[in-house]
Amino acid sequence: MLGILYESYIHPVTILSTLPSAGVGALLALSVFHTELTVIALIGIILLIGIVIKNAIMMIDFALMAERSGKTPEESIYQACLLRFRPIMMTSMSALLGGLPLALAPGTGAELRRPLGISIVGGLMVSQVLTLYTTPVIYLYMDRLQLMFAKRKPAHPVTGELPPSSASVKGAPLV
């Protein structure tokens, strides 16, 4: 679906590159609190995946729009980071603070809810710290990779036409 949305094979990989940090953060938090990976903890990781993917989509989508309006990839991802920082932090902090009572609250049924809260809180903390730094770097590397593939594209076998220049390939799909 992401490939269809962005008309590219490269930028969905950029978005999906945020997932390992969320999973590692959740597993580290479960390990630190000596909690087992249960079905409830896996539900927390699935919820975490949705939040982390949404944050990456907000950043990459804004950068692609800026890039299509004529900015360089560096300028566009920098602007996306500046303008999307607040919404990303607001959604992540609300989910993190919503998971704290699940992770910390004592009482009846706490042993069932605790793995859910620990996986959400730990995963969000680690993924936010890493994703805000790694997503722009991966975006720039993937953009360079896309340009490299566009330059290597051979002439059309039937018409003999050369592919468009790399400047006009920005929004074009990779085939």
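Candidates are the residues of segment 45-72 that are over 17 Å from the mean Cα position of the chain (by Cα) and in contact (Cβ under 8 Å) with a residue 40 or more places away in the chain; the one that is farthest from E111 (Cα to Cα) is R68.
Of the numbered criteria (1) under 30 Å from I46 (Cβ atoms); (2) at pLDDT below 90; (3) more than 23 Å from the chain's Cα centre (by Cα), the one T131 fails is (3).
For segment 13-31, give me each residue that is in a helix (DSSP H, G or I), buried (at least 17 other Cβ atoms within 10 Å of the Cβ) and either out of contact with any Pro (no Cβ under 8 Å at 6 or more places or on another chain) or among the acidic types (D, E) (or both).
Narrowing segment 13-31 to residues in a helix (DSSP H, G or I): 13-16, 19-31.
From the residues that got through so far, the ones that are buried (at least 17 other Cβ atoms within 10 Å of the Cβ) too are 14-15, 19, 21-23, 25-27, 29-30.
Hits for segment 13-31 are T14, I15, L19, S21, A22, G23, G25, A26, L27, A29.
Considering only residues in segment 59-79 that are part of a helix (DSSP H, G or I) and open to solvent by 50 Å² or more (accessible area, probe 1.4 Å), the one that is farthest from G122 (Cα to Cα) turns out to be R68. Filtering segment 104-128 down to residues that are free of Cβ contacts under 8 Å to residues at least 40 places away in the same chain and not polar (S, T, N, Q), which residue is least open to solvent (accessible area, probe 1.4 Å)? Here the residue is A110.
The values are calculated or read from the model by the stated rules, or taken from the named source; none is laboratory data. On a predicted model such as this, the values are computed, not experimentally measured, just so you know. Note: ideal-geometry Cβ built from the backbone for every residue, glycine included; neighbour counts use all protein chains shown. Accessible surface areas use protein heavy atoms only, side chains included; no ligands, DNA or RNA. Shrake-Rupley method; radii C 1.70, N 1.55, O 1.52, S 1.80 Å.
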